[in-house]
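Enquirer: Pasting a structure below so you can have a look.
The values are calculated or read from the model by the stated rules, or taken from the named source; none is laboratory data. Keep in mind the model is a prediction, meaning the values are calculated, not measured. Glycine also receives a Cβ, built like all others from the backbone with ideal geometry; neighbour counts cover every protein chain displayed. Quick note on the areas: whole protein, heavy atoms, side chains included, nothing else; ligands and nucleic acids left out. Shrake-Rupley method; radii C 1.70, N 1.55, O 1.52, S 1.80 Å.
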Amino acid sequence: MKVSAAYFSPTGGTEKVVKIIGDEMAAGGQIRYIDLTQTGCNFSKYEMEAGEILVAGVPVFCGRVPAVCIERIKKFKGGGAMAVPVAVYGNRAVEDALLELSDALTEAGFRVIAGIDAVAQHSIAPAIAQGRPDESDEAELKLFAQTIKGQAALAAVEGDSSEAMVEAPIPGNRPYQPMKDVKLYPYADERCMVCGLCASKCPVGAIPMSEPYNTVEEKCISCMRCVRLCPIGSRSVDEERVKGTEAHLREVCPERNVNRLYI
């Protein structure tokens, strides 16, 4: 079975989750990775066919999927391939994100056979779900992958995935809840070396190459990639707002939240 794994992972958590699942499904075989944070990439070049399986992971932003993720995934050519949407959240809630991702994959020509909610360290408030996915998460995600792989293999043996498999019961609501604007924009301080690393890696082109200490707020999605990548810690967001976010999250979701499989 051919396996591909796509991820939009500005700060690394979603990539780690998707690679745990994808590697387990490929079982040491070949796997194609697709980085959805690439700017200027022609995502329509990615074509699948029936019998293949795509693991697609995105971060949850306030119960939704960043619009740029949906735009890029919809350019894929599903060709009847199977897909597993993975919504990676920072211990609070997934809400409509998994359903939104599932709908985008269906529109791109995939058959959604399972879905996963997975926890990773929060991107804005990294003290929340710190270190996740951890060893316990990894073991659980591998079990999820084995379950999905077994069901997909059964469909292949029976020779008709439309008969052997039913669509996954993905939770969520349509219409999706309104997308919230976090309005937390990183800027560089006087230590900025103008190295341009943040500008070259911004997934939405919100940092001008000519002024990498700046931020185009109309484009910024508050993904925090530039904050994590800056080699000297020059880029940051308002510290008091981060502390406030952490305090709020500790209040509304004080317990360790869980990974979930829908199949």
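Enquirer: Which stretch or stretches of region 11-54 have amide N atoms under 18 Å from the point lying 7 Å from residue 138's Cα along the Cα→Cβ direction?
Expert: Hits in region 11-54 for residue 138 at 18 Å: 12-29.
Enquirer: All other residues with a Cβ under 12 Å from the Cβ of residue 2 taken together, and with Lys, Arg as +1 and Asp, Glu as -1, what is their net charge?
Expert: On the way: positive: 32; negative: 47, 49, 52.
After counting each charged neighbour, the total is -2.
Enquirer: In region 162-263, carbon and sulfur make up what percent of the accessible area (probe 1.4 Å)? Walk me through the numbers on the way to the answer.
Expert: On the way: 3330 of 6450 Å².
Accessible surface attributable to carbon and sulfur in region 162-263 totals 52 percent.
Enquirer: Next question, about the same structure. In the Gaussian network model of the chain, springs joining C-alpha atoms below 10 Å, which of 250, 132, 225 carries the largest mean-square fluctuation?
Expert: 250
Enquirer: Counting other Cβ atoms within 10 Å of each Cβ, which GluC sites (Glu not before Pro) in region 25-134 have at most 14 and sit in a DSSP loop? Display every interim value, and only then the final one.
Expert: Details: sites: 47, 49, 52, 71, 95, 100, 107; in loops: 49, 52, 95.
Answer in residue order: 49.
Enquirer: In Å², what does the accessible area per residue of region 184-224 work out to with a 1.4 Å probe? Could you put the intermediate results ahead of the total?
Expert: Values: 2170 Å² over 41 residues.
On a per-residue basis, region 184-224 sits at 53 Å².
Enquirer: To the nearest Å, what is the center-to-center distance of region 58-98 and region 179-217, using C-alpha atoms only?
Expert: Answer, in whole Å: 24.
Enquirer: Now for a different question. Using a Cα-Cα cut-off of under 17 Å, which aspartates and glutamates could be cross-linked to residue 45, ignoring same-chain neighbours fewer than 8 residues away?
Expert: Of all the aspartates and glutamates, those that pass the test against residue 45 - Cα under 17 Å, at least 8 places apart if same chain - are 35, 71, 107.
Enquirer: Please report the carbon-and-sulfur percent of the accessible area for region 1-140; probe 1.4 Å, protein heavy atoms only, DNA, RNA and ligands left out. Don't jump to the answer; show the numbers that get you there.
Expert: On the way: 2040 of 4700 Å².
With neighbouring chains kept in place, the figure for region 1-140 is 43 percent.
Enquirer: For the pair residue 183/residue 252, report the inter-label distance in nm, with labels modelled 7 Å from Cα in the Cβ direction.
Expert: Placing both labels 7 Å beyond Cα along the Cβ direction yields 1.7 nm.
Enquirer: Related question: Which translational diffusion coefficient, to the nearest whole µm²/s, is obtained for region 1-150 from the Stokes-Einstein equation, given a Kirkwood hydrodynamic radius over C-alpha pairs, 20 °C and 1.002 mPa s?
Expert: Working: Rh = 15.0 Å.
Calculated translational D: 143 µm²/s.
Enquirer: Now a separate question. Contact order normalised by length for the chain, with contacts defined as Cα pairs under 8 Å and 6 or more residues apart; what percent is it? Walk me through the intermediate numbers first.
Expert: Numbers: 528 pairs, mean separation 51.9, N = 263.
About 20 percent, as a whole number.
Enquirer: On to the next question. Provide the per residue accessible area, probe 1.4 Å, for region 1-48, rounded to a whole number of square angstrom. Spell out each step's value before the answer.
Expert: Numbers: 2030 Å² over 48 residues.
Heavy-atom SASA per residue in region 1-48 reads 42 Å².
Enquirer: Further question on the same structure: What per residue convex hull volume, in Å³, do the alpha-carbon atoms of region 97-217 yield? The partial results should precede the final answer.
Expert: Values: hull volume 21.9 nm³, N = 121.
Once divided by residue count, the hull of region 97-217 is 181 Å³.
Enquirer: To the nearest 10 square angstrom, how much accessible area does residue 32 have with a 1.4 angstrom probe?
Expert: Ignoring ligands and nucleic acids, residue 32 comes out at about 80 Å².
Enquirer: Please compute the alpha carbon radius of gyration of the chain, then divide it by the globular-protein estimate 2.2 N^0.38 Å. Two decimals is fine.
Expert: On the way: Rg = 18.6 Å, N = 263, 2.2 N^0.38 = 18.3 Å.
The chain yields a ratio of 1.02.
Enquirer: Further question: For the residue pair residue 229 and residue 210, what label-to-label distance in nm results when each label sits 7 Å from Cα along the Cα-to-beta-carbon direction?
Expert: A separation of 2.0 nm, rounded to one decimal place.
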